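*Asks:* One structure, pasted below without further comment.
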Amino acid sequence: FQDVVDYYDSKGTSNEKMEARYLMGCIFRDQKEAPKAMMWYNKAIECADTLSKKCDYVTLFSIYGQMAEVYSRQYLHREAINAYFNYSNYAARINDKENYILGFANRIPEYYALGDTLQAINLVKKCYALNNKYGLNVIVAINKFLTDTDKEIELLKEELEKQDVELSLVESHQK
């Protein structure tokens, strides 16, 4: 695939260069080579011409989404939060409401993993409000882990009930 990247380096537009590097990052991600994947994702971002009306924001927010997932798997929750923040911002630039909201929703488990339950709950509320604003359906799944206390789960349930949010408790993660 390096030949493809080299080809677009010499003949491609900024969007084509970005996409070639993004795909190279995905190859390394699939090979479980996180450092190389992140290197290529960062190279892809460097190619983005966000001042151009032709900027491919779908690819750009997708890169940040992939980076966030890699960070999350490496337990780098703050970095994942920042990547999901960029994901939301670039989705908003092209008026992609679902992915804009998804960028907020994907930050919820990251804050929860950091022990910031209050911020996680605030993001649930924000996602709920945004979904209502745009007329989208809301269902929240709570993944219950062995380390979760009954008090934490009850707090989440109470907050969701206050917002009249449909809830599903998933306990398969305990095993």
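*Asks:* Restricting the search to the range 127-156, which residues are aromatic (Phe, Trp, Tyr), more than 12 Å from Lys97 (Cα to Cα) and not in a helix (DSSP H, G or I)?
*Replies:* Across the range 127-156, the qualifying residue is only Phe145.
*Asks:* Please work out which residue is nearest to Tyr112 (Cα to Cα), limiting yourself to the range 21-53 and to residues that are open to solvent by 30 Å² or more (accessible area, probe 1.4 Å) and touching a Ser or Thr at 6+ places or on another chain (Cβ under 8 Å).
*Replies:* Tyr22
*Asks:* Inside the range 67-81, can you point out the residues that are over 12 Å from Ile108 (Cα atoms) and either of a type outside the set (Ser, Thr, Tyr) or more than 11 Å from the chain's Cα centre (by Cα) (or both)?
*Replies:* Met67, Ala68, Glu69, Val70, Arg73, Gln74, Tyr75, Leu76, Glu79
*Asks:* Has the range 107-119 got at least one residue that is touching a residue at least 24 places away in the same chain (Cβ under 8 Å) and in contact with a Cys (Cβ under 6 Å, 6 or more places away or on another chain)?
*Replies:* No, the range 107-119 contains no residue that is touching a residue at least 24 places away in the same chain (Cβ under 8 Å) and in contact with a Cys (Cβ under 6 Å, 6 or more places away or on another chain).
*Asks:* Related question: Against the condition part of a helix (DSSP H, G or I) and touching a Pro at 6+ places or on another chain (Cβ under 9 Å), how does Ser88 come out, does it pass?
*Replies:* On the way: part of a helix (DSSP H, G or I): yes; touching a Pro at 6+ places or on another chain (Cβ under 9 Å): no.
In short, no.
*Asks:* From the residues in the range 54-65 that are β-branched (Val, Ile, Thr) and open to solvent by less than 50 Å² (accessible area, probe 1.4 Å), which one is farthest from Asn15 (Cα to Cα)?
*Replies:* Step by step, filter the range 54-65, then rank; the result is Ile63.
*Asks:* Right, next: Within the range 1-16, track down each residue that is open to solvent by 90 Å² or more (accessible area, probe 1.4 Å), in contact with a helix residue (DSSP H, G or I) (Cβ under 7 Å, 6 or more places away or on another chain) and farther than 15 Å from Ile27 by Cβ.
*Replies:* Listed by number, the list is empty, since nothing qualifies.
*Asks:* Right, another one. If Leu167 meets every condition in (1) within 23 Å of Glu98 (Cβ to Cβ); (2) surrounded by fewer than 10 Cβ atoms within 10 Å (Cβ to Cβ) apart from one, which number is that one?
*Replies:* Failing condition for Leu167: (2).
*Asks:* On to the next question. Scan the range 1-55 residue by residue and report those that are within 24 Å of Ala92 (Cβ to Cβ), in a helix (DSSP H, G or I) and polar (S, T, N, Q).
*Replies:* Ser14, Asn15, Asn42
*Asks:* Let me ask something else. Quick one: in the range 133-154, of everything that is under 13 Å from Glu166 (Cβ atoms) and exposed (fewer than 14 other Cβ atoms within 10 Å of the Cβ), which residue is modelled with the highest pLDDT?
*Replies:* Keep residues of the range 133-154 that are under 13 Å from Glu166 (Cβ atoms), which gives 136-142.
Next, only the ones that are exposed (fewer than 14 other Cβ atoms within 10 Å of the Cβ) stay: 136-137, 139, 141.
Values: Leu136: 82, Asn137: 76, Ile139: 72, Ala141: 71.
Out of the qualifying residues, it is Leu136.
*Asks:* Kindly indicate which of Tyr100, Tyr71 is closer than 27 Å to Asp164 by Cα, of a type in the set (Phe, Trp, Tyr), touching a helix residue (DSSP H, G or I) at 6+ places or on another chain (Cβ under 6 Å) and open to solvent by 20 Å² or more (accessible area, probe 1.4 Å).
*Replies:* Tyr100
The values are calculated or read from the model by the stated rules, or taken from the named source; none is laboratory data. Since we're looking at a predicted model, the values are computed, not measured. No Cβ is skipped: glycine too gets one built from the backbone with ideal geometry, and neighbour counts run over all protein chains shown. Areas reflect the complete protein model, heavy atoms only, side chains present, ligands, DNA and RNA absent. Shrake-Rupley method; radii C 1.70, N 1.55, O 1.52, S 1.80 Å.
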